[in-house]
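Structure first, then comments.
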Amino acid sequence: MRKALFLACLALLTVSVFAIKVGFIATNFAAESQARVANAFERLAKLKGWEPVMLNSRGSYETQANQLENLVQMGVDAIVLAMGHPLEIKPALDKAFAAKIPVITIDSGYVEGVVADITCDNFVMGAKISTYLVDSLGGQGNIVVIKFEKHHGTRKRGKVLDQVLSEYPGIKVLAEYTVPASARFMEDARSAMETYVQRFGKQINGVWCAFDQLAYSASDVLQEYGLKNVIVVGVDGNEETFRRIKNGTMTATVAQPFEEMAAIAIELIEKIVVQKMSPSEAAPRKIIYVDAPLVDARNVDQFLKGQK
């Protein structure tokens, strides 16, 4: 009888664990950083035996709000919003809060009601890459700036750059371009860079990019026009970035551990949904920072996976 009761309880526990359904929304899977978070989260959730519902907003606030509302109607056990826009979709978020569904954000900026926002400090990353650029130029030279204002993190990095440049009068910004939020962001950055290369040519000494994929577009154009000694920097630290730093077509990045962010989100869901901890107990701090190191030719081999 005891054995039968034990097996019945075990079966119920197994069903409860395997029945966990978690919603994951990213603003745009076309951004490699978001794809990395999504892939890591999906893999880790499945290893737990959970059912992840993976959704791509494709850069649309309206789509993101609708997806969030759909997850609430599905009755998911938890929701993760990656590189999202919580302020723009606050009414949809409020529906999740009202339904008592824990919402965890990744690199989205903290808003009242979410369990926590898991992120790197974008002000710190902006300072790291901006001071690296001006120091590499010796405080003198001409740069092109490619910003992205639609995401809080990249916007903060750009603001830090402006502050750093205010202390370096010897650095001149030849041109500044703000990339629109669309699936064609790399094509847009490439088109802008082609215009600047044609206009300024060898006057360009450096290019500052809000994130690495913009730097890919910029560096490709520079290589095609024979401008091989331009310093190109970005933020994210993707495998492609490390390859480019190794072969000299990019100079430096700040490497965000997106997979670690996904793992922390999984841990929070485990604590709240499985272990039944309160959100405040599971996440005493509402912003959870992870470290992001600067990577250049000096240390890139530590980050390349099996590549020399």
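A few remarks follow.
This table checks each residue for (1) more than 30 Å from P284 (Cβ to Cβ); (2) open to solvent by less than 30 Å² (accessible area, probe 1.4 Å); (3) at pLDDT below 95.
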{"site": "V124", "(1), (2), (3)": "no, no, no"}
{"site": "S130", "(1), (2), (3)": "yes, yes, no"}
{"site": "D135", "(1), (2), (3)": "yes, no, no"}
{"site": "N142", "(1), (2), (3)": "yes, no, no"}
{"site": "K147", "(1), (2), (3)": "yes, yes, no"}
{"site": "P169", "(1), (2), (3)": "yes, no, no"}
{"site": "F185", "(1), (2), (3)": "yes, yes, yes"}
{"site": "R190", "(1), (2), (3)": "yes, no, no"}
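- Residues within the range 100-111 that are modelled with pLDDT of 95 or more and open to solvent by 50 Å² or more (accessible area, probe 1.4 Å), tallied: 1
- Scan of the range 60-85 for residues that are of a type outside the set (D, E, K, R) and in contact with a helix residue (DSSP H, G or I) (Cβ under 6 Å, 6 or more places away or on another chain), ordered by number: A65, L68, V72, A78, I79, V80, A82, M83, H85
- Being part of a helix (DSSP H, G or I), open to solvent by less than 50 Å² (accessible area, probe 1.4 Å) and of a type outside the set (G, A, S) is a property that does not hold for Q73.
- Here the condition is being under 23 Å from Y110 (Cα atoms) and either in contact with a helix residue (DSSP H, G or I) (Cβ under 6 Å, 6 or more places away or on another chain) or not polar (S, T, N, Q) (or both); of A297, A282, it holds for A282 alone.
- For the range 151-167, filtering for residues that are surrounded by fewer than 19 Cβ atoms within 10 Å (Cβ to Cβ) and either on the phi > 0 side of the Ramachandran plot or outside any helix (DSSP H, G or I) (or both) leaves 2.
- Among residues of the range 92-141, those that are within 30 Å of L68 (Cα to Cα) and either touching a residue at least 12 places away in the same chain (Cβ under 8 Å) or part of a loop (DSSP other than H, G, I, E, B) (or both), counted: 32
- For the range 236-287, a tally of residues being free of Cβ contacts under 8 Å to residues at least 24 places away in the same chain and part of a helix (DSSP H, G or I) returns 5.
- Residue match in the range 240-251 (condition: surrounded by fewer than 14 Cβ atoms within 10 Å (Cβ to Cβ), farther than 28 Å from H152 by Cα and not hydroxyl-bearing (S, T, Y)): yes
- L227, sole failed condition from (1) assigned to a helix (DSSP H, G or I); (2) open to solvent by 10 Å² or more (accessible area, probe 1.4 Å): (1)
- Candidates in the range 80-94 are the residues that are over 12 Å from V114 (Cα atoms) and out of contact with any strand residue (DSSP E or B) (no Cβ under 7 Å at 6 or more places or on another chain); of these, the one that is modelled with the lowest pLDDT is H85.
The values are calculated or read from the model by the stated rules, or taken from the named source; none is laboratory data. Here the structure is a predicted model, which is why all the values come from computation and not from measurement. With ideal geometry, Cβ positions are generated from the backbone for all residues, glycine too; neighbour counts draw on all protein chains shown. We work out accessible area using only protein heavy atoms, side chains counted, and drop any ligands, DNA or RNA first. Shrake-Rupley method; radii C 1.70, N 1.55, O 1.52, S 1.80 Å.
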